[in-house]
Every structure is written in C-alpha cells, then in structure tokens.
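Comments concern the structure below.
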Amino acid sequence: MRKDLFLHNLKKARDNKVCYLMVFPFLLFFLAFTIIPVVASFFLSFTNYNMLESARFVGIENYIRMFLDDDVFIKALSNTIIFAVVTGPISYFACLIFAWLINELSPTVRAILTFVFYAPTMSGSLYVIWAFIFSGDSYGLLNSFLQTLGVVSEPVQWLTDTKTLVTCVMVVSVWASLGASFLSFIAGFQTIDTSVYEAAAIDGIRNRVEELVRITLPLMGPQLMFGAVMQIAGAFGAGGISQALCGYPTTDDAGTTLVLLISDLGTERYEMGYACAMSFVLFALMILVNNIIQTVIRKHAST
Amino acid sequence: MNQLKRYVSTVLVACFCLSVFAGISVRAEGQSLSDNLSGTYSASVSTYEQYLAEISDKDALTEEIKLDLSTAELSGEGVAKTDGGIEWRQSGNKATFRFSVKTAGNANINVIYSNISEINVNKITFDVYLDGEQLFNTMAGVVFPRWFESSEITQDERGNDISEELTVNKADMEERVYASDLYQPDPMLLYFSAGEHTLTFVGDNTDVLIKEITVCPPEKPDNYEDVLKKHQNNGVKIVEDYFDKIQGENTYLVSSQNLIAGMDRGDSSSEPNDYYALKLNMIGGSTWKSNRETVKWMVNADREGLYRLTFKSRQNQKDGFISSRRLRINGEIPFEECRSITFSYNTDWEMKTLGDSEGNPYYFYLREGENIISLETVPGELSEFAYEVDEIVLSLNKVYRQIIMVVGTNIDKYRDYDLFKEIPGIEEIFKENLARVKEVRRKIGEAGVQTGSEMVVFDSVITLLELFLADDENIPSRVETLNSYAADLATWSFETVEQPLAIDYFLFTGKENELPKANAGFFKNLKYEFLKLLASFQSDYGVVGDLSDSEDKLLVWVGSGSEQMSILKNMASSEFTAKTGIEVEVALAGTSVSRALMADKAPDVALQQAGDLPMDLGYRNSAIDLTQFEDFKEVEGWFMPGSLVPYMIGDACYGLPCTQSFEMLFVRTDVFESLGLKVPTTWDEFYAILPILQFNNFEIGLGGGSTTFSSLLKQNDLSLFKADRTGTDVASDLAATVCRQWTEFFTKYDFPLTLNFYNRFRSGEVPIGTSVYTLAAQLDTLAPEIRGMWAMYPMIGTVKEDGTVDNSQAPLGDGYGSTAVLLNEESKEQSWEFLKWFLSEDTQAEYGNKIEARLGVVDRVPTSNVAAFKRLGWSAETREVLLEQWSKQRPTVVVPGHYYVTRHLNNAFRAIVYSNENPTHTLKIYSQKIDREIKRKLQEFSIYQ
C-alpha cells in the first residue's frame, strides 16, 4: 500500500517534470539562501563563534545566557512584541480601510491614490525625512513648530529621549508600512464579483460597514492571509526604521528590536554563535504567532 | 508770613526741578543694553579698495626703478644675501630695500624669483610694508605662486592614463605683487611720492630666492587695432595656412597643485579618447577656478607671424555664469581686450575663436620658435560686487545678533517688541543695506548676467528688508530668515569668485583654415556610449594602476575615497616600489576588513580603518603584533606620546594611527570684544562669562559627548578605565563630582544638546564652542565673511593644586582617529616596510599636500605624523597653537567590550540630563553594566588566549 502510493507519486512527479524543472532555479536559491542558513544557524547557535577563530562547542549556554543573563535581550524582546502588537494590527487595518475606501473611486483616481499611499514603501529609505522632522535641534521641524506655538519652551529630544522615541518610531513605522499588503487588498477588492453585492443588498444588508464585514472580508480570505503573513514578518523584523532615526544603539535600548540586536551581535560584537541562538528564538516566535493568526483567519474566512 | 511761604515754595520748586533733572540723567545712565553694543565695527586699517579709490586720480609712474638688492638691510637668520639675490629660508625674517623716486606716480612691484626647495609645496607668502607701514590690511599675506611642472602622461598596462606627477619647478619666474584679497583682478597698485622710500618684505612661508625687484608702471597694453597696425608696420604678416593643435593637458607650468589633467568621458570628441581605457584629455573642469590660478603651455611656431587662436573650451559647472581668463603670450598681455576673455556657460564643448563682438577674429603675434601661452583666472565682472556683498553680509549679521540679544531664540509671537525703538540705529542700518542691495542688483542686471537664479538671492533680501522697514513687528518672527538670507548672500559672494573652466585643446591656425567641430554628432556619441557600456563589464575601474602578477605583491586596502586611493597608488609605485622593488596593489575597500578575514581574502595592509579595529582584531589573534619589528621604537617616536595606547594589549601593539584629530576652542572674537569678555582658559573663568553670554541670548557649543567627560576626568587626574583594562575606574567620589560637573552644563546651565555648530558659529549665535580642529580649515575657506573675526584657542582647563592649568584631553581610544593594521603573517616583513614608508614624514607630508591640492583646503588631512603635520598648509601661528594642544592629548585605553562604553555613557548622560536622575547613582549603575560586559569579554578571551 505504501509502496503503491510512493510509486503513484513518483509517476505524478515524472509527468509534471517540466513544472519541477521550472521551479528548480528558485528552489536552488531558496535552498542556498534560506534553508541552509537557517540550518547552519541552528547548529551555530550551540557554539561560541567569533568568526575570526574557529567555533567552539558550548551546548545550550547561549540560550541560558539569553533568557537569564541578558537584560538587553529581554528589553529587545519586549520592544519587538510591543512593536508587533501595536504597529502590526494598526497598519493591517489601515491597509484594509484605505484599500476599501479607495476601492470605490474611478480607476484613474484609484491608481493615483494607490501610488500616493504606496510611495513611502516604494522609495525605500524615504522615512529618513522623519529624522529631520523629529530632530532634537531647536531648529528641527517639529520642535520649531511647537516652540512657535508656545507648547514647549525648549526643544524636545524626540529621538534620544526614552519617553518619546518609541512612539516616534511607531508612527513612522505605520506610515511606511502601507506596503505589499495594501496592494494585495486592493487587488482582492477588485476580484469580488459584484453580483454578490447585489444579492446581499436584496437580502437586506443595511450599510456599507456590514457589507464589508459580512460579505467582502470572508471572500477575501487568501488576501487577508497574505497580508497577515507579510505584516507579521515585517513587524517582527522591524529594525531599519529605528536604526535610521534614532541611531544604534538607542538610548537605554528603548528602541532596540530583536533584529537590531542580532545584527549588532553578529557584525559589531563578533558574537556570531549568540546571534544565531537569538535569531533562532526569533524564528520560533514568528512561526508561533503566524500559526495563531492563520488559524484565526481560517476560522472566519470562507474559501 | 507770605514772604516765608514764597521763599519756601520757591526753594521747594527749585529742589523739585533739580530732582527732575537728576532723574533724567540717572535714567540716561541706565540705557538699554543693546545701545552699548551697537557700535560700528571698524577695521583698524583701511581696505585695499578704499586705498585704490584714494589714489585713482594719480598718474602712473613714468620710470622703472630697479631696486638694489646688494644694499638691502636684512634682519633675522633665515634670510641671506647670495650671488643671485636674496634668499629666504625661514619665516619671520625680513629685508628692507631703499630707493628713490624722481616723479610721483602709481606703480606695481615686479619681482623675479625662484623656488629653492624640493619639498616645500605651499605658496610663498610675504608681508609687505611701504615705508614701514601697511597701508591696508591685504598688504599682509601677499602670495607668489610656487610653480609646478607635470610629468609625461603614461599608461598602465591596461591602457589607462595614470595621473601625472607635479614636481616643484626651480626656474626663474616673474610675477607682479598682488594684494592678498580674495578677488583682485590686477596687481597691487601703490602710490609713490617723489623722494626716498623703503620697501620691506617679511617672509612667512618662504624657501625662495628673490633675484630682482622692480617698481614699474602698471601694465597698460594698447588696444587691438593699434597693436595689429604696429606689427603689420614691422612687416609681420597674417598667416594664411597653418594648423597647430596643443592639448590642454600637456601643460608647461602650472601655478598650483590642483591644476592637473582631468578626464572627460561624456563626449567622444574630447581628445584623446577611448571607450575602453581611461584617458586624461583636458585641463580644468571643476578644479581650475580660483583666483590667479594660471596654466602655461609651450607652443612652437614655424615662423613669425600673426595667427588666429581658438580654444576648445567648456564651462559647464555654473549655470548661466561667465568665467573669465586673462591671456598672456610670452608673459605680456597682447592687447587690452585680452585682459578678460569670457567663457559662457554651455553643457557642450565650444570652439571659441578669440575675436571681437562682431565675429572678426583677433590675430596674435607669435615669434618663431618657442612661445609661452598662459591663461590666468581673473575675477569676472560680477566679482567686484563680491566686496560689496561681503560688507552687506557683515552688517546684516551684526543686526541679526543685536536682534537676538533682545528677542532671544524663543520668539514670543504675541508680544510687541518695538525693535526700532529698543535697538536704536537698526532702522537706518536696514535702510542703508536695502539701498545697497538694490544697487548691487541693478548693476548686476546691467552687466548682462542672464540668470534668474543669481538674482533670486538679492530679490529675496530686498523683499525681506522692505517688509522689515514697513513694520518692525514683522521682524521677530522672521529673524531666522534674515540669518539664512545673510548666509545665502555670503555663499553667493564666495561662489561668484569661482570661475571654473575646462580646456581640451587649443589651436593656432592661419586665416583660411577650417576649424574642427567642437562636439561629436549624435550617432557618434551613441556608438561611443554603447561601447563604453560594454567595456564597463570587462574593465575594473576600481583598481588603479598595474595589476601585477608577481607573487610578492602587497595588497593594500584604503578606507577613504578614490582620490586618496589613486594618489596613494601613484606615490607607492613611484617611490616605494622604485626603492624596494615590492609591488603594491591598492584597492578601495572601506570597512569590511573583518569580513574579508573570515573569508580568507584579507589584504596584507589595511589603511584608514576605524579606530577600534586594531583591538578587535588583536584580541582575536587576527592582527600582527608590531612590537616584534626592530625599528618599532623608532616609528613609535613619530607620533605624539600616548598615541599608541589605544592599540596596545599589554606590551603588544596591534595598530598604528593614520589620522588623529583633537578638539580646540573656537571663539568669535568680535562678539567677545563687543561684550567686553576675555577668552576663558580655566573652567572658573568659563563659568564667569556664562551669565553674560546667556543673558544676551547667546548659546554655548559644548558638545555632550563622552570625550568631554573623559577629558574632565583626566584634568582631575582620574581616568575612565583601569590601566590594566579590566574595568572602569569611576567609583570614586571625585569621579562622581566630575560627572556632575559635566552634566550640569546641560541641566543647570542649559547648553543646547544638539546643534549645528558650523552654521551657528558662522552666524554668531554660538560665539564659543568646541569642535575638531579641522573645522578651522572649513571656516577659512567656506566662511570668508567672518575672516579675522574668529580664532582657535586651547581647551579650557582645570586649575590644579600647584596652580598650573591642566587642559589636556582624553578622547575615547576606539573612536578618535583612523588606524592601520597588518594582517598577513606571511608577508609581514614587506607589509611592515610599506607601513613604515606610508607613515613616514616625507610620505605623509607629500600625501597630505597632494590631497589638499586635489580636494581643497577643506579636506586637509589631520595626519598623525607630527613632523609631517608641520609641513602642511597651516600658518606658522596656528600651527603652534595646534601642536601645543595636540601634545596634551592622551587617548584612553580600549577595553574588551569597548562598544558598550560609549553606549552606556550616553545612556547615563541621557538619564541624568533628560530624566533628572541623580548623577552619582546613575554613573554607578552604568559603569557596573560596562564592567559586567568587560568581565564577560575577558573570560571569553582568556579562554582563547
């Protein structure tokens, strides 16, 4: 029985060999740049490796140190989770709402507005303009504006004061995060058959919001899933914005996320083994969260 | 009784009246503060411009008076009479010449001189005195160019042209004396009355032999028509058929080191040109633009005659701008029209045949055989306004500061400041400046400059000043705009003096010859670009020079830029390889040395790397210990004491410094003068002047970095770290007090935490502050409007128990300079030879001067070799001050886990300053964190070691 199944699958594979051949190049890249590094990282996480000398096996010492002896890790972990929890859903729903709102407009206007919303992400590092807006100099944009209004009398150090820098980074993050998910939602809205809306209207849907929640979203299952995966990966992998605005390291590690900490350990501090251990923990965390979200969405969406 | 009453009342009235008067006079004493400070700023000596205006009505001298050098009075050891003339070798020495003038008149001073040094490449400067006095301030700092000749252009094995070498020339040169203003088109004109006179030359930067000095009438060439007639009357004919092309990059002599051949790959018609190889095909571009920079070419004419002259030129650097040059043939201006030849803006090359406005070409006389053609940068038509604009900027900046004193930087929008009443005189100043700006703008428009962008600056200022004069309540909210417009005007005047020009080649042709086209056609260029694209896949332009196959070649990585790399490569091949036979390959590879080590592709020598690299590698056994070499001690002596401390682990040394910087105190002396303040030398004096500065709304530019903290600790005989690098050493009470002192600047005294020191110092808002000393080079070149109004002083120090002042600095060792490391055990002997050669005095001096010539004074190299530093372009006075401060610098050790130090010091600083935590307690917490990390690293390293 098992053998029959195996032979059956093999035959199927041979029939589809053209498809496999097409996928092969990408598979190679995927293997080389994703699978192998992850596996290597797993093994390296049990060593002490400063990259210039050979690795030394230390067992689970890295993990012990991470959870019990490293307050920066704890800080970074909490920062990352807070970040993800706040910016993830906010930007997710922002994408959704904006996509829904501009869905109504004529195609040209929609195209223009899509461009406008997507522009921050597309331009890569444009968010550094916020460094000028939040500059701690009294001539910085926000500071001089507030001083003119009389709200503050001295320049506020937005990006170096622990009280304000997290909020600033979150604001910029959300601003810059209308990314690929946004586009997929727009596409998703387009694919829904309008006859469903007519049927719903006849059946007594009262307003647009109800239509959104009961009809549109369930039909957009795949897009919502894609959006969720992208946002979560993005939120947990956030670091670039924090580094660009507040520098690295941030004051008292208030803006340090796991990604920043890992890259700091690996590249600046020559502690590759420890960095691998930490990145593995991050990996596990992301998989966990992803699974949870996907279960939730799958429950509420119809295929 | 009535009489008595009358008496009493009279007396009472009299007393009352007297008291009223007394009251008025009392109030008169307590005038507004700004009154005392609004004195006009007057120079102690008049300017050259004013002097010229005074003597403009006098006639020119009619005779030529050659000064007798043999009877000169000399003073000082560095000047001596020789067979050829008078030789100067050191600064500060002077020679005085006597002569008599028969009839009074205006004259120039013509000097024949020659350079007598092989190694001094800086400009020759003198201070000149007539009859013992300087009639205007720019008689000081008179410059004679030191001429350079360029070597032949050679190719490397891939066919790329190698930048040529410029060597100092020792031939006799003849130059007239120019005043040292930034923009003077003509030689210095002095009025000599009839009778006995003395002329004194005091040397500043010398190494020169002066052979002849002549007082002669100013150059006054005839106009073209007369000159042409004169030649034709002498039988010289206009040549009909002749074609001679001289390439611009084949120069004969140039007056400064930045006039080297450049490369134009934008158009296939530039000669020589190749789509594959890099060819040097023009002179100038963006490098030939400063006043008096001259290029000379040698032209061989078959026969005597009158020829047409055509330049293939391009001015594509400044939109709408006209660049000017003065043409001389065999040292003389051929005719009046050659005083200023204009080149207009064009993105493409132009064939410019020199001729009159109707298109008729000029014919130039060339004698048979060798002729020398030279083009000298002269200020263009707009440059005369630069003076005027500079004065307007000064005046506006002064007004700006006066307003800030009253209004502060935090302007209250709802208050009536009544500035015209509060600060008497500024209304007039605004009116005057408005009139001047309008006048300048009008004159520029008349001069025919087309560009709108030039006018924008002036139009904005006019609008703003009119707004101010309309209602003085418009001023407070727009005072920042006033500041930025003043800076814009300063930039305009600075840039307007620059006259960029590029010359590909020039032609001497006969009357009938056809001229080639300036640019290649569209299709030709298309083909060229396409071929270039293909070639870019094959040729590696990131590596300079020959790629040698030899086994023993050294691989050197440079962490700075491509100019540095190519200069280094040239010097390495011509000096190092020539002497030792070791070939060197130089590559630009920035900061990825540690990654290269991991991949086993590391170079042999890495230069200009980050300050923490030697220790990071040293702890991990990846860099070579330099103390194993025999002459290490000798090399150690090239640097300031204590320079190697950040690179030593125990007795082993893992790196050497390439560049080192240190901080100086920058002070706006004009602001201090107007406030009556003395520059502080101790912290107590500093605290004493703070109230006055801050009361007048000035701010202090003391940075909040850890260097300040570390330096303060050193001044109190403490140190951030234990000498054995096992931890921090700030647990003592004194350290806590120092920490308190440091943070109080920002809490109690409210210094700004972040500011753009350069801009604010320039505008005068921040009249005192600390910054790296190279800021001086920037200010000197980029901020001409504040010349003479600022100075560098040694750092503020702490008074010790024995009364001496300790103003040493202690920057953190891992961040304060760039370093060099050796990485390859197998090639260590040769690598060490190379490193020694690079950091030696001669190489560093030559390298530094070349970089400065190529990239400008702004990029003057802060070299670490003390002897080489003395040979860079700093003036003698500045150099003394700098050396004094530099010698007091002692960088801290670099501990394992050093990256945590800056972070936690910053965290501590911010906790104390932003959140008002207790300094002692916070310092303790963060130093403990640093210690923990250090301990962990020590454990890690002791296992490995």
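List of remarks:
- Lysine pair number, Cα distance threshold 24 Å (strictly under), segment B:383-496, separation 8 or more or different chains: 7
- Excluding ligands, DNA and RNA, the accessible surface per residue across segment A:198-265 is 42 Å² with a 1.4 Å probe.
- Kirkwood-Stokes translational diffusion coefficient of segment B:751-879, alpha-carbon pairs, 37 °C, 0.692 mPa s, µm²/s: 185
- Proximal lysines to B:K633, defined as alpha-carbon separation beneath 21 angstrom and excluding residues fewer than eight positions away on the same chain: B:K828, B:K836, B:K888
- Exposure of B:K352 as accessible area (Å², to 10), given a probe of 1.4 Å and all protein chains: 50
- Rounded to the nearest 10 Å², the accessible area of B:E54 at probe 1.4 Å: 120
- If the Kirkwood radius is taken over C-alpha pairs of segment B:630-707, then at 37 °C and 0.692 mPa s the Stokes-Einstein diffusion coefficient equals 200 µm²/s.
- Amide hydrogen neighbours beyond the local backbone of A:T47, cut-off 5 Å, H modeled: A:V58
- Chain A: DSSP helices with Cα axial extent of at least 24 Å and average Kyte-Doolittle hydropathy no lower than 1.0: A:71-103, A:272-300
- Of the DSSP H helices in chain B, not one has a Cα length along its own long axis of 18 Å or more together with a mean Kyte-Doolittle hydropathy reaching 1.6.
- Surface composition of the protein assembly as shown: carbon and sulfur atoms hold 56% of the protein heavy-atom accessible area at a 1.4 Å probe.
- Between segment A:35-108 and segment B:216-278, the alpha-carbon center distance in angstrom: 66
- Efficiency of FRET between A:S54 and B:E829 - r from beta-carbon atoms, R0 30 angstrom, step 0.05: 0.65
- Rg ratio (alpha-carbon, reference 2.2 N^0.38 Å) - segment B:89-247: 1.37
- Cut-off under 5 Å, modelled amide H: who pairs with B:D204 long-range: B:G92, B:T125, B:F126, B:D127
- Pair B:E174, B:N360: separation of 7 Å Cα→Cβ label points (nm): 3.1
- Long-range tail of P(r) for segment B:383-496 (Cα pairs > 25 Å, %): 22
- Computed accessible area, A:M230, all protein chains, 1.4 angstrom probe, square angstrom: 80
- Hits among lysines - C-alpha to C-alpha of B:K511 under 21 Å, sequence gap 8 or more where chains match: B:K229, B:K230, B:K237, B:K245, B:K312, B:K352
- Per-residue HN-Hα couplings for segment B:122-132 [Karplus 6.51, -1.76, 1.60; θ = phi - 60°; Hz; x = Gly/Pro]: 7, 5, 7, 10, 10, 9, 10, 10, 10, 6, x
- Mean residue ellipticity (222 nm) of chain A, computed from DSSP H runs ≥ 4 via -39,500 (n - 2.57), nearest 500: -21000 deg cm²/dmol
- Percent of Cα pairs exceeding the 55 Å cut-off, where the set is chain B: 24
- Computed over chain A, the P(r) tail beyond 27 angstrom holds 59 percent of alpha carbon pairs.
- Take chain B with all the other protein chains still there, run a 1.4 Å probe, and you get 43 Å² of accessible area per residue.
- The number of Lys pairs in chain A with C-alpha atoms less than 29 Å apart, excluding pairs fewer than 8 positions apart on the same chain, is 4.
- Leaving ligands and nucleic acids aside, the B/A contact buries around 3100 square angstrom of accessible area in total at a 1.4 Å probe radius.
- Counting only residues at least eight positions apart within a chain, or on another chain, the lysines with an alpha carbon under 23 Å from that of B:K81 are B:K66, B:K94, B:K123, B:K170, B:K211.
- Full extension of the segment from B:D222 to B:K81, taken as 0.36 nm per residue of separation minus the current Cα-Cα distance, would add 46.9 nm.
- Where B:D161, B:D859, A:D4 fall by accessible area, highest first, once all protein chains stay in place (1.4 Å): A:D4, B:D859, B:D161
- When chain B is described by a simple charge dipole with +1 on each Lys and Arg Cβ and -1 on each Asp and Glu Cβ, the residue from B:L779, B:F148, B:G408 located farthest towards its positive end is B:G408.
The values are calculated or read from the model by the stated rules, or taken from the named source; none is laboratory data. What you are looking at is a predicted structure, and each value in this text was computed from that prediction instead of being measured. Positions of Cβ are backbone-derived with ideal geometry, glycine not excepted, and every protein chain shown enters the neighbour counts. The area values use the complete protein model at the heavy-atom level, side chains included, leaving out ligands, DNA and RNA. Shrake-Rupley method; radii C 1.70, N 1.55, O 1.52, S 1.80 Å.
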